[in-house]
Amino acid sequence: MTTNVTRRAFLSTALVGLTQKAGRRIDGGFVNESHERGHRLRDGADFGGSREARSTSVLIVGGGMAGLCAARHLQKRGFDRFIVLEMEPEAGGNARWGQNEVSAYPWGAHYVPIPGKAAGLVREIFTDLGVYDGTTWDERHLVHAPDERLFIHGRWQEGLEPAVGPTRRDRDQVARFTARIAELRASGRFTIPMAAATDVTRPPAEDSLSMAAWLDREGLDSPWLRWMVDYACRDDYGGMARDVSAWAGVLYFAARDADDSGPLTWPEGNGWIARRLLHRLEPRVRTGEIAYRIEPQGRGWRVLTSRADWTADVVIVAAPMHVASRIVAGAPPVRVTSSPWITANLTLDRWPRERGFPVAWDNVLFDSPALGYVVATHQQLRRHVPRTVWTYYWALAQQPALEARRWLLAQDYATLRDRILDDLSRAHADIRECVSRVDIMRFGHAMVRPTPGLLSDPAWQAAQRGLDRLFFAHSDLSGLPLFEEAQYRGVLAADRTMQMLSGR
Ligand SMILES: Cc1cc2nc3c(=O)[nH]c(=O)nc-3n(C[C@H](O)[C@H](O)[C@H](O)COP(=O)(O)OP(=O)(O)OC[C@H]3O[C@@H](n4cnc5c(N)ncnc54)[C@H](O)[C@@H]3O)c2cc1C
């Protein structure tokens, strides 16, 4: 009996998620949970629904950025015989967003750096969306100052490079690292999209060792520099420098211009882009429809989903590779490591107290396992914003991915919420008195982790080629979880589809 009561009490906190700690009620719960469906997919379950027979020329499976960009590219080329299938109730994938009475806010991706020379497609999409006119970027979409701050030694400082603490030796090493990165940038071997410089059939030497081993080799052991590099790897790849290849680690720094004036950002993060693409693509996007089996049929493909039995001439699989390799008959057995993540949106009824440099767009806590928070109301032009929403980012990078994933699924809402509030309370002692709601999203498989050797994996290389009349298009194919790579993969698959259909 006691067990039941305890369990019921536990469940009510886990699901409804109210806390009275520090006297204030905090609402919230887990949102966008999809691991049960994901596990059923992994276990080969039959999601068969009404079995409505449908056909289309091009079926795009996955409505994340890669799938939406593939669809938009087809549409811009005057081709409209396509359908996008998305398993979630809303499209957008890792660029999904939410909205409450205070602000729109991201659930995942929240910025796009100003594109470098190789990223012509990124300029193209932002021209299409009215953000770039061929020479200048619309300032409303560039991050407003101040963009970054760091909480260290009990107060906030401007920028992410620790101002107090590093010795002369540390600073010399940071300078040496910066110079080495400049050299590698000038070599032109590190680009975004990666395919502009990397031939996947001849992976670069940096793919075979970890970023940590590369730093060792360069004689760079400053703990402050190592913290900054670890932070970068956690931020972009959800892994530590020891778990990420030197190719990806170096690319993070060397593929971007040193004096980038961005990034581009919006209250709802990259959901701003997804929203506009969806507006142009509707009604060709079908949400809440999961594809669970894709097999060859005649000269095309048969795609079984929770709502229909589809036939298509060509299929673009823009679902993550760990899903694609299970549901597509004959798919190469790609085994990528995916990083587990947590994001949380906190609604604040007032701004908490703090010391030091004022609030920025991106706010990082030095000694935290998480990455800090981004302020959704930062881009507002109003001077006084009484209430706000913070998006808290936490890549579970410290443990091996599988262990972290199991830990994540075993946590109840109240435990995670308290971990988040405890972390923030180091910089904002009164955070619990300011927050009225904390919603948490758990991602078991958030993004591909570019582990050493990924580019040399024969299955991953085979996935680049696709199958007969089927192309893979997820950002996993670049080994880099970035908007630019998702867009590139989507556009490439759409171009190859058009070539195939026109018999070229
Ligand atoms: C927390 C977080 C923060 C991030 N921040 C940034 C950032 O600031 N900037 C940046 O550039 N990148 C960021 N990223 C990386 C982000 O993953 C990419 O930018 C990009 O959005 C990936 O798009 P995608 O289409 O390749 O993949 P996904 O977003 O993974 O889309 C795949 C889609 O396929 C759907 N799907 C899967 N299986 C099926 C099925 N069987 N049937 C139908 N549909 C299916 C999924 O539901 C999903 O919508 C972040 C990622 C996360 C997790």
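The values are calculated or read from the model by the stated rules, or taken from the named source; none is laboratory data. Bear in mind the structure is a predicted one, so any value in this text is a computation, not a measurement. With ideal geometry, Cβ positions are generated from the backbone for all residues, glycine too; neighbour counts draw on all protein chains shown. Just so you know, the surface numbers come from the protein's heavy atoms only, side chains and all, with ligands and any DNA or RNA stripped out. Shrake-Rupley method; radii C 1.70, N 1.55, O 1.52, S 1.80 Å.
Can you pull out the trypsin sites (Lys or Arg not before Pro) in region 342-398 that DSSP calls coil and that have at most 15 other Cβ atoms within 10 Å? Passing both the DSSP loop test and the Cβ count: Arg350, Arg353, Arg355, Arg382, Arg383. In region 409-449, Rg over Rh equals 1.06, where Rg is the alpha-carbon radius of gyration and Rh the Kirkwood radius from pairwise Cα distances.
So if the hydrodynamic radius of region 160-207 is defined as the Kirkwood radius over C-alpha pairs, what does Stokes-Einstein give as its diffusion coefficient at 4 °C and 1.567 mPa s, in µm² per second?
Translational diffusion coefficient: 100 µm²/s.
Computed with a 1.4 Å probe over protein heavy atoms only, the accessible surface of region 342-435 comes to 39 Å² per residue. Each Cα pair under 8 Å and six or more residues apart adds its sequence gap; the mean of these over the residue count of the chain is a relative contact order of 26 percent. Within the chain, all pairs of alpha-carbon atoms sorted by distance into 20 Å bins from zero give the percentages 22, 57, 21, 1. Packing, as the average of other Cβ atoms within 10 Å across residues, places the peptides 317-326, 168-177, 464-473 in the order 317-326, 464-473, 168-177, highest first.
Taking the DSSP beta bridges in the chain as the whole, what percent of them are antiparallel, to the nearest 5?
65 percent
For the chain, adding -39500 (n - 2.57) for each run of n ≥ 4 DSSP H residues and dividing by the number of residues yields -10000 deg cm²/dmol at 222 nm.
Distance from the C-alpha centroid of region 188-222 to that of region 31-70: 34 Å, rounded to the whole angstrom. Using a probe of 1.4 Å, the accessible surface attributed to His73 totals some 30 Å² when neighbouring protein chains are kept in position.
Exposure check, 1.4 Å probe, all protein chains in place: Thr201 carries approximately 90 Å² of accessible surface.
Could you compute how fast region 215-266 diffuses translationally, taking Rh as the Kirkwood radius over C-alpha pairs and applying Stokes-Einstein at 20 °C with viscosity 1.002 mPa s? Give it in µm² per second. The partial results should precede the final answer.
Working: Rh = 12.0 Å.
Reported coefficient: 178 µm²/s.
Counting only Cα atoms, the size of region 97-226 along its three principal axes is 49, 46, 28 Å, in decreasing order. Overall, the accessible surface of the chain at a probe of 1.4 angstrom is composed of carbon and sulfur to the extent of 50 percent. A 1.4 Å probe run over the protein chains yields, for region 169-257, 40 Å² of accessible area per residue, whole-number rounding.
Computing Rg and the Kirkwood Rh from the Cα coordinates of region 169-257 gives a ratio, Rg/Rh, of 0.95. Rounded to the nearest 20, the size of the Cβ-charge dipole of the chain about its Cα centre is 780 debye, with Lys and Arg at +1 and Asp and Glu at -1. Charged neighbours of Gly300, selected by a Cβ distance under 10 Å, balance to +1 (K, R count +1; D, E count -1).
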